[in-house]
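Peer 1: Here it is, the structure in full.
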Amino acid sequence: MKRYLIIFAAFIISTIFSTGVVTAAEAPLAHHIGFQDQLLDFSDVKVINQDTKVPLEEIAAYLDIPFEIENGITYIRKNGIEISYNEKSQLTAKDEVALDWSPIVKVDGKLFISVEYLAIEIGYKMKTFEKQKTQRIYKEDWAHMSHANFEIYLDKLLNKKQPSQATPKANVYLTFDDGPNKFTTTNNSILKKYNAKATFFFLGNHMKKNSSIINAVVKDGHYIGTHSMTHDKSKVYLSSKAFINEMIKGTKLIKKMTGKDTKLVRTPYGSKPHITTAMKDELVTNGFKLWDWDVDSNDWKYTDKEANKIVQNVQVGVEKAYKSGDRDIIILLHDRSQTTKALPQIIEWLQKEGFTLKTYEPDHHIVQNFLRDTTL
């Protein structure tokens, strides 16, 4: 009888550990994921049954992989391949054929996917650096450093000392437009890793369906301002009434979803030449503050492969602003794929150079608008 009880217990244990839902008690090992010539930042990395898994939403943003959820099934579609995860059955399928293992699992309510499985299925190659506990995703036909040089890069990055705590040179405000979206999540994770703060200008129409992203941004100490409801130039600047209504509705939505009041706005495409005198007067009358920027990263111009150009634009712009005497430098960025790839290098450079990364502080408002209006 004891023998049958032991066999039954072993069966139950094996069933628990092979299911598609993993409990939080399964402790992850420290692993890192590289993509081409950079180290990616994830909010969590888990090793489950000797397979490294990362949050699906975050790696999808890094690799620009569209995914959607329909009737409890998550679909990933890229390069003619469809990978799906059924919430009810907890099974993963490729092109509607169920797999005999679980590259996608749910841990504490969040979907995690096997890095190696996803990368190989959509056409990338993988290289493991055991000493650095790192898996590198790469493509041979994309320009990238050799594996030997990448290993040297990993050693320097993973073993680097913390930035010097010497007197800061100036304050820098990283600002992100056009969210919330899946790239907001990745940018927020990167900021958290580097203990950096930022300011997000969200679009009202995007906010309505992304409450979890908004709450994460607020929880991590960042400030949210409005970037209008629609970002539609023909609607926002149709009249002074239409203009101020977009701003009022945007800030009211922020209050409703976060419980926080905000009077900070960034108007679509910048304040000049779009804002008329009547529109400016409406902002002042309603107590709004307006932020443009000192440094334009021009990130929207570039592809993921050109992320280094975004980094260079920021470096050149910040150095120019600092040399001109600016001690509160506002940088324009966007919640986009190419920006998530450039962001770690931008933050590392700013911290190394002695700049302090801050979020907007209502009690210490900095005047920065193209209208040169000190009341805003």
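Peer 1: In whole angstrom, note down how far apart the Cα centers of the range 321-367 and the range 247-302 are.
Peer 2: 18 Å
Peer 1: Another question, if that's okay. What does the charge count near Lys78 come to, summing +1 for each Lys or Arg and -1 for each Asp or Glu among other residues with Cβ under 11 Å from its Cβ? Numbers along the way, then the final one.
Peer 2: Values: positive: Arg77; negative: Asp64, Glu82, Glu121.
Here the charged neighbours net out to -2.
Peer 1: Which label belongs to the value computed from this structure, given these candidates for Rg/Rh (Cα atoms, Kirkwood Rh): (1) 1.15; (2) 1.06; (3) 1.02?
Peer 2: Computed from these coordinates, Rg/Rh (Cα atoms, Kirkwood Rh) corresponds to label (3).
Peer 1: A further question follows. If we count every other residue with Cβ under 15 angstrom of Lys272's Cβ, Lys/Arg +1 and Asp/Glu -1, where does the sum land? Write out the running numbers ahead of the final one.
Peer 2: Values: positive: Lys233, Arg266, Lys280, Arg372; negative: Asp292, Asp294, Asp296, Asp373.
Net charge around Lys272: 0.
Peer 1: Next question, about the same structure. Between Gly109, Gly34, Gly80, find the one with the highest GNM mean-square fluctuation for the chain; connect C-alpha pairs within less than 10 Å.
Peer 2: Evaluated over the chain, the most mobile residue of the options is Gly80.
Peer 1: Next question. Could you check the simple spin-label distance between Ser89 and Lys241, using points 7 Å along Cα→Cβ, in nm with one decimal?
Peer 2: The two pseudo-label positions are separated by 5.6 nm.
Peer 1: Taking only DSSP H segments of four or more residues, each worth -39500 (n - 2.57), what value at 222 nm results for the chain once the sum is divided by all its residues, to the nearest 500 deg cm²/dmol?
Peer 2: -10500 deg cm²/dmol
Peer 1: Please state the shape class of the range 218-333: rounded when a/c is under 1.5, otherwise prolate if a/b exceeds b/c and oblate if not, all from the C-alpha gyration tensor.
Peer 2: Details: a/c = 1.75, a/b = 1.58, b/c = 1.11.
Because a/c hits 1.5 or more and a/b exceeds b/c, the range 218-333 counts as prolate.
Peer 1: Using the per-residue mean of other Cβ atoms lying within 10 Å as a proxy for protection, in what order, highest first, do the peptides 290-297, 338-345, 119-126 fall?
Peer 2: Details: 290-297: 21.4, 338-345: 24.5, 119-126: 15.2.
Going by the mean number of other Cβ atoms within 10 Å, highest first, we get 338-345, 290-297, 119-126.
Peer 1: Name the shape class, rounded, prolate or oblate, that the alpha-carbon gyration tensor gives for the range 295-376, where a ≥ b ≥ c are the square roots of its eigenvalues, rounded holds for a/c under 1.5, and otherwise prolate holds if a/b is larger than b/c and oblate otherwise. If you can, show how the numbers build up before the last one.
Peer 2: Values: a/c = 1.90, a/b = 1.59, b/c = 1.20.
Prolate, since a/c reaches 1.5 and a/b exceeds b/c.
Peer 1: Sticking with this structure for a sec: First measure r as the distance between the Cβ atoms of Val316 and Asn49, then evaluate 1/(1 + (r/R0)^6) with R0 = 41 Å and state the FRET efficiency to the nearest 0.05.
Peer 2: Efficiency at R0 = 41 Å is approximately 0.30.
Peer 1: Please compute the length gained on full extension between Glu121 and Lys263, using 0.36 nm multiplied by the number of residues separating them and subtracting their Cα-Cα distance. Before the final figure, lay out each step's value.
Peer 2: Details: separation 142, 0.36 × 142 = 51.12 nm, distance 4.63 nm.
Using 0.36 nm per residue and subtracting the Cα-Cα distance, I get 46.5 nm.
Peer 1: Given the options Ala148, Ala321, Ala242, state which has the largest fluctuation in a GNM of the chain using a 10 Å cut-off (strictly under) for Cα springs.
Peer 2: Ala148
Peer 1: Moving to a separate point now. In a GNM of the chain with a 10 Å cut-off on Cα contacts, which of Lys320, Lys358, Lys88 has the highest mean-square fluctuation?
Peer 2: Highest fluctuation among the options: Lys88.
Peer 1: Greater than 27 Å separation of Cα atoms is the criterion. Which listed pairs, Lys182/Lys301; Lys169/Lys192; Lys192/Lys323; Lys272/Lys323; Lys249/Lys341; Lys131/Lys358, meet it? Please list the in-between numbers first.
Peer 2: Details: Lys182/Lys301 19 Å; Lys169/Lys192 22 Å; Lys192/Lys323 29 Å; Lys272/Lys323 25 Å; Lys249/Lys341 32 Å; Lys131/Lys358 35 Å.
In this structure, Lys192/Lys323; Lys249/Lys341; Lys131/Lys358 lie more than 27 Å apart at Cα.
Peer 1: Sticking with this structure for a sec: Can you find, among Leu39, Thr74, Thr226, the residue farthest towards the positive end of the dipole of the chain? Put +1 on the C-beta of Lys and Arg, -1 on that of Asp and Glu.
Peer 2: Thr226
Peer 1: Taking the DSSP beta bridges in the chain as the whole, what percent of them are antiparallel, to the nearest 5? Write down the numbers at each step before the final one.
Peer 2: On the way: 33 of 63 bridges.
Given both bridge residues lie in the chain, the antiparallel proportion sits at roughly 50 percent.
Peer 1: Run the numbers for Lys305 and Arg372: contour at 0.36 nm per residue of separation, minus the present Cα-Cα distance, in nm. Display every interim value, and only then the final one.
Peer 2: Numbers: separation 67, 0.36 × 67 = 24.12 nm, distance 3.65 nm.
Going from the current span to full extension adds 20.5 nm.
Peer 1: Between Glu82 and Lys255, how many nm apart are label points set 7 Å from Cα along the C-beta direction?
Peer 2: 4.6 nm
Peer 1: While we're looking at this one, here's another question. Fully extended, how many nm does the chain gain between Tyr153 and Lys272 (0.36 nm per residue separation, minus their Cα-Cα distance)?
Peer 2: Working: separation 119, 0.36 × 119 = 42.84 nm, distance 4.25 nm.
Extra length available between Tyr153 and Lys272 comes to 38.6 nm.
Peer 1: Given a Förster distance of 25 angstrom, what is the FRET efficiency for Ser211 paired with Leu99, based on the Cβ-Cβ distance and rounded to 0.05?
Peer 2: Details: r = 32 Å, r/R0 = 1.29.
That pair, Ser211 with Leu99, gives E of 0.20.
Read-outs: derived from the displayed coordinates by stated rules, not from any lab. This structure is a prediction, so every number in the text was calculated from the model and none was measured. In this analysis, Cβ positions are derived from the backbone assuming ideal geometry, glycine residues included, and neighbour counts consider all displayed protein chains.
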